[in-house]
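What follows is one structure encoded as structure tokens, with my remarks underneath.
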Amino acid sequence: MSEGTSLKRVAVVGVGVCGLCVLRHFSPDPRYEVTAYEQRDRVGGIWNYPEGCEAHGNVPDEASPYFCRMYRHLRINVPRDLSHFREFPHLPDLPSFFSRSDLLRYLQRYTDHFDLKKHIKFRHQALSIEPFDPSVPHTCWRVRVKTLGDETETTETFDVVIVCNGHFNRPYIPRLAGIQSFKGKVIHSCDYRVPEPFADQRVLVVGGGPSARDIALEIIQAAKSVVITPSTYSSAYVETFPNVSITPLPVTFTQNGSLYTVPAKKAAADEEARQGQQEVDFVILGTGYQFDIPFIGQNCGVKVSRGRVTPLYRHIINCNHPSMAFIGLLTGLPVLGAGVEDQVLFYKAYLDGRMQLPSVRQMKQDCEREYRQRREKGLPGHDAHYMGAEPVFQYCRQLADEAGFPCVEPVAEDMFVAHSTNVQINPLNFREYEYSKTSADSFTTHKNPSRY
């Protein structure tokens, strides 16, 4: 709380999907004075696709005008009616699985409709966030920022910090045996833009997530051959496309550009392993991302690893300093809708005084218990914030019940489950299906390939 006044000063880092949602709910409330810092010159975060970015691959600086984490032909992978904020639906003429540019335009309309730009300082980069007193749970925060262009630095004081810098910034690069001597080209999927450079190439796509599957499907039409690694849906690619094959893991590379699998206790020179080698010229690593929050100081009370920020109560609130929150760390969610906005409403209910938190000890115990249950179910440690179709709606109901705001409509969960099932049945053409909400409890679906 700011000294001598009931007004809370709130700092928001990032104005992508999550930061804009925070601004929409906090800025109209006279109890809060909100300032958002964004190092780009526009809203939308990773949903921006700068013109000319194809010629500027591997740009690591988020402040660069060419920074991009999209591919040109990306379309969302969940239905339209699951991909919008409350009280602000998409335009009715959009297909169920619309393009990245459609989503960016939605975020721009959302920004204008709620008059959010006046709260945003563009071209301002958060350099560091430090607590005034690490020994005090409800500490204020020093936020040091740099104005890009003139490079001046300033430090502001805030009662609350809400981190919304996303988790698609720093690619995760796995260790692949022999990759150092591979003479072909290796990129992460974050640097993939268009399929044309892969014409007549022999390409290996490592990974089985949504981006890896989309990219493999795009380059199959242009590439001479495509090798994919095992996933839930890999057999559908092999059965459909004659130029696709599967290589098991782990993958080992030879110097001339071939790849082959080596059983755990066999040497790379083993003749049995050599017999299975395949030549590749290009490797695309669709291996996901790792959390990267460089401006968080060591005394902020949280630890950041590849796929976990801890301890966070309900995946949101810093247990040691509840005046700091993280929105949007959840993975495996619809782009918008379930999860993000519920997190914002939950945290605001706490700051408003409409709900109380358990003790620090109880919150930390809850975090560890939930993490342990994930590991017991077989999830890897870096899936600490992963939510599937069923868990995410249980989570949303939990937030709504505890904070006292309306839960997502039943149709959202039913539609998400139906869509997830359809992806398993039709992994290559699930976007040919249209989903339409007809009421709070029902929806219709039909196949409509003509829209694509």
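Scan the stretch 154-207 residue by residue and report those that are among the acidic types (Asp, Glu) and either surrounded by 16 or more Cβ atoms within 10 Å (Cβ to Cβ) or outside the structural domain of Val238 (by TED's automatic domain parsing) (or both).
We begin by selecting, within the stretch 154-207, every residue among the acidic types (Asp, Glu); these are 156, 159, 191, 196, 200.
Of everything in the stretch 154-207, those that are among the acidic types (Asp, Glu) and either surrounded by 16 or more Cβ atoms within 10 Å (Cβ to Cβ) or outside the structural domain of Val238 (by TED's automatic domain parsing) (or both) turn out to be Glu156, Asp159, Asp191.
Look through Gln373, Gln343, Gln398 and report the one residue that is part of a helix (DSSP H, G or I), closer than 17 Å to Asn318 by Cα and not small (Gly, Ala, Ser). Give the steps one after another, and end with the answer.
On the way: Gln373 fails: closer than 17 Å to Asn318 by Cα; Gln398 fails: closer than 17 Å to Asn318 by Cα.
One residue alone meets the criteria, Gln343.
Return the residues of the stretch 32-55 that are farther than 12 Å from Gly14 by Cβ, in contact with a strand residue (DSSP E or B) (Cβ under 6 Å, 6 or more places away or on another chain) and part of a loop (DSSP other than H, G, I, E, B); say none if nothing qualifies.
Answer for the stretch 32-55, where residues must be farther than 12 Å from Gly14 by Cβ, in contact with a strand residue (DSSP E or B) (Cβ under 6 Å, 6 or more places away or on another chain) and part of a loop (DSSP other than H, G, I, E, B): just Asp41.
Give the residues of the stretch 108-132 that are more than 24 Å from Val143 (Cβ to Cβ) and within 23 Å of the chain's Cα centre (by Cα), sorted by residue number. Give the derivation first.
Of the stretch 108-132, the ones more than 24 Å from Val143 (Cβ to Cβ) are 108-110, 112-113.
Across the stretch 108-132, the qualifying residues are Gln108, Arg109, Tyr110.
With respect to the numbered conditions (1) assigned to a loop (DSSP other than H, G, I, E, B); (2) in contact with a Gly (Cβ under 8 Å, 6 or more places away or on another chain), which one is the sole condition not fulfilled by Pro92?
Pro92 satisfies every listed condition except (2).
One residue is enough: does the stretch 413-421 have a residue meeting the conditions modelled with pLDDT under 95, not in a helix (DSSP H, G or I) and not charged (D, E, K, R)?
No; the residues of the stretch 413-421 include none that is modelled with pLDDT under 95, not in a helix (DSSP H, G or I) and not charged (D, E, K, R).
Looking for whichever is assigned by TED's automatic domain parsing to the domain that holds His84, more than 17 Å from Gln398 (Cβ to Cβ) and of a type outside the set (Gly, Ala, Ser) here; the options are Pro358, Pro322. Which one fits? Steps first, answer last, please.
On the way: Pro358 fails: more than 17 Å from Gln398 (Cβ to Cβ).
None of the other options fit; the residue is Pro322.
Just wondering, is there one or more residues in the stretch 21-30 that are closer than 22 Å to Gly339 by Cβ, touching a strand residue (DSSP E or B) at 6+ places or on another chain (Cβ under 9 Å) and in a strand (DSSP E or B)?
Within the stretch 21-30, not a single residue is closer than 22 Å to Gly339 by Cβ, touching a strand residue (DSSP E or B) at 6+ places or on another chain (Cβ under 9 Å) and in a strand (DSSP E or B).
The values are calculated or read from the model by the stated rules, or taken from the named source; none is laboratory data. These numbers were taken from a predicted model, which means no experiment stands behind them. FYI the Cβ positions are ideal-geometry reconstructions off the backbone, even for glycines, and counts take in every protein chain you see.
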